[in-house]
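Q: Provided herewith is a single structure, encoded as structure tokens, for subsequent inquiry.
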Amino acid sequence: MNSSVRPKSKGLLFVVSGPSGAGKGTICKKLLEKKDIELSVSMTTRKPRPGEVEGKNYYFVSEEKFLDTIKNDGFLEYANVYGNYYGTPKDIVVQMLEQGRDVVLEIDIQGALQIRASYPKGIFIFILPPSMAELRNRITGRGSETEDDINLRLGETLKEVAYIDKYDYCVINGTIDEAVNRVVAIIVAEHSRVSEDIYELIEKYKEEI
Ligand code: 5GP
């Protein structure tokens, strides 16, 4: 059998990652309206922003609880992003994949690289802004960062794009709808890969002759 054939299917793990402000959060939210896929809810030590809901946007926890979860091997990956911890709870994601559900993680690049090492079957999508000027506009538009923060993030962006060769796909987020359509196309394409499941279908063909 072709060694690139995907083993019998469980759910697929999609990792949507990219620089802060590139729009990965918005893309993932819209994706849920278009595809039957589970968005993993991360744990963070960051304080909730107005309107954010516990258990929906994040599980907001103390640093002590976060460090405890690290000790108990409770994360698929975790990272410190601009001074706060963020991590993907392991059990729930593994369980959903085992049940055959597709899962999407919306995480930073440090986290994506960890998953790439521990779960290479994942599908890695890098979201890029159309330009640095547009990225600056978007971060400024959030109103939550100072000028220094914005410059820090733009500098980080240049370092982060250097990791693009670790990803399978890149999507330039010019308009949200177009970017979401491209992510949907990636998901459809990944489900169309030759996988071991197809051999079962072919066996059935033989019985049907
Ligand atoms: P924010 O504080 O704006 O919600 O998120 C800040 C950054 O942390 C974003 O780039 C977001 O993708 C990333 N992030 C959110 N959850 C996780 C996670 O579980 N793991 C990692 N590594 N990054 C995360």
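Each value in this text was obtained by applying a stated rule to the coordinates, not by laboratory testing. Quantities reported herein were computed from a predicted structural model and do not represent experimental measurements. Counting neighbours? That spans all protein chains shown, and the Cβs are built from the backbone with ideal geometry, glycine included.
Q: Antiparallel as a % of all DSSP beta bridges within the chain, to the nearest 5? Mind dumping the intermediate values first?
A: Numbers: 8 of 27 bridges.
Roughly 30 percent of the beta bridges in the chain run antiparallel, per DSSP.
Q: Further, regarding this structure: Apply the Karplus parameterisation 6.51 cos²θ - 1.76 cosθ + 1.60, with θ equal to phi minus 60°, to every residue of segment 137-143 and state each ³J(HN,Hα) to the nearest whole Hz, in sequence, with x for glycine and proline.
A: So the J values, rounded to whole Hz, are 4, 5, 5, 4, x, 5, x.
Q: With only Lys, Arg, Asp and Glu charged, each at its Cβ (+1 for the first two, -1 for the last two), find how big the charge dipole of segment 41-99 is about the Cα centre; round to the nearest 20 debye.
A: Working: 7 positive and 9 negative charges, 52 e Å.
In total the dipole reaches around 240 debye.
Q: Given 0.36 nm per residue, what is the gain on full extension from residue 161 to residue 73 after removing their alpha carbon distance, in nm?
A: On the way: separation 88, 0.36 × 88 = 31.68 nm, distance 2.91 nm.
Extending this stretch completely gives an extra 28.8 nm.
Q: With +1 assigned to the C-beta of every Lys and Arg and -1 to the C-beta of every Asp and Glu, and no other charges, what is the dipole magnitude of segment 70-209 about the Cα centre in debye, to the nearest 20? Write out the running numbers ahead of the final one.
A: Numbers: 15 positive and 25 negative charges, 56 e Å.
So the dipole magnitude of segment 70-209 works out to roughly 260 debye.
Q: When ranked by the protection proxy of mean other Cβ atoms within 10 Å per residue, highest first, what sequence do the peptides 146-157, 105-116 form?
A: Values: 146-157: 13.7, 105-116: 21.3.
Averaged packing, sorted descending, gives the order 105-116, 146-157.
Q: DSSP loop GluC sites (Glu not before Pro) in segment 1-83 with at most 13 other Cβ atoms within 10 Å of their Cβ, which ones? Mind dumping the intermediate values first?
A: Working: sites: 33, 38, 52, 54, 63, 64, 77; in loops: 52.
Hits after loop and neighbour filter: 52.
Q: While we're looking at this one, here's another question. HN-Hα J couplings of segment 28-38 from phi, Karplus 6.51/-1.76/1.60, θ = phi - 60°, integer Hz, Gly and Pro as x?
A: 5, 4, 5, 4, 5, 6, 10, 10, 7, 8, 9
Q: Considering the dipole of the chain built from charges on the beta carbon (Lys and Arg +1, Asp and Glu -1) around the Cα centre, which of 188, 26, 141 is farthest to its positive end?
A: Positive-most Cα among the choices belongs to 141.
Q: Below 18 Å, Cα to Cα, which aspartates and glutamates can residue 35 reach? Residues fewer than 8 away in the same chain don't count.
A: 102, 106, 177, 178, 190
Q: Further question: Sort 188-194, 127-133 by the packing proxy (mean of other Cβ within 10 Å over each peptide's residues), most packed first. Display every interim value, and only then the final one.
A: On the way: 188-194: 11.7, 127-133: 16.6.
Final packing ranking: 127-133, 188-194.
Q: Quick one: if the Förster radius is 25 Å, what FRET efficiency do residue 36 and residue 134 give, using the C-beta to C-beta distance and rounding to 0.05?
A: 0.20
Q: Between residue 59 and residue 185, what length comes free when the chain is fully extended (0.36 nm per residue of separation minus the Cα-Cα distance, one decimal in nm)?
A: Numbers: separation 126, 0.36 × 126 = 45.36 nm, distance 3.01 nm.
Using 0.36 nm per residue and subtracting the Cα-Cα distance, I get 42.4 nm.
Q: Kindly write out, for segment 169-174 in residue order, the coupling ³J(HN,Hα) from the Karplus curve 6.51 cos²θ - 1.76 cosθ + 1.60 (θ = phi - 60°), rounded to whole Hz, with x marking Gly and Pro.
A: Rounded to whole hertz, the list is 9, 10, 10, 8, 8, x.
Q: Same structure, new question: Starting from the Kirkwood radius over alpha-carbon pairs of segment 41-99, derive D by Stokes-Einstein at 37 °C in a medium of 0.692 mPa s and give it in µm² s⁻¹.
A: Numbers: Rh = 11.8 Å.
This corresponds to a translational diffusion coefficient of 278 µm²/s.
Q: How big is D for the chain, in µm² s⁻¹ as a whole number, if Stokes-Einstein is applied with the Kirkwood radius of its Cα pairs at 4 °C and 1.567 mPa s? Intermediate values should be presented prior to the final figure.
A: On the way: Rh = 18.5 Å.
Value of D from the Cα-based Kirkwood radius: 70 µm²/s.
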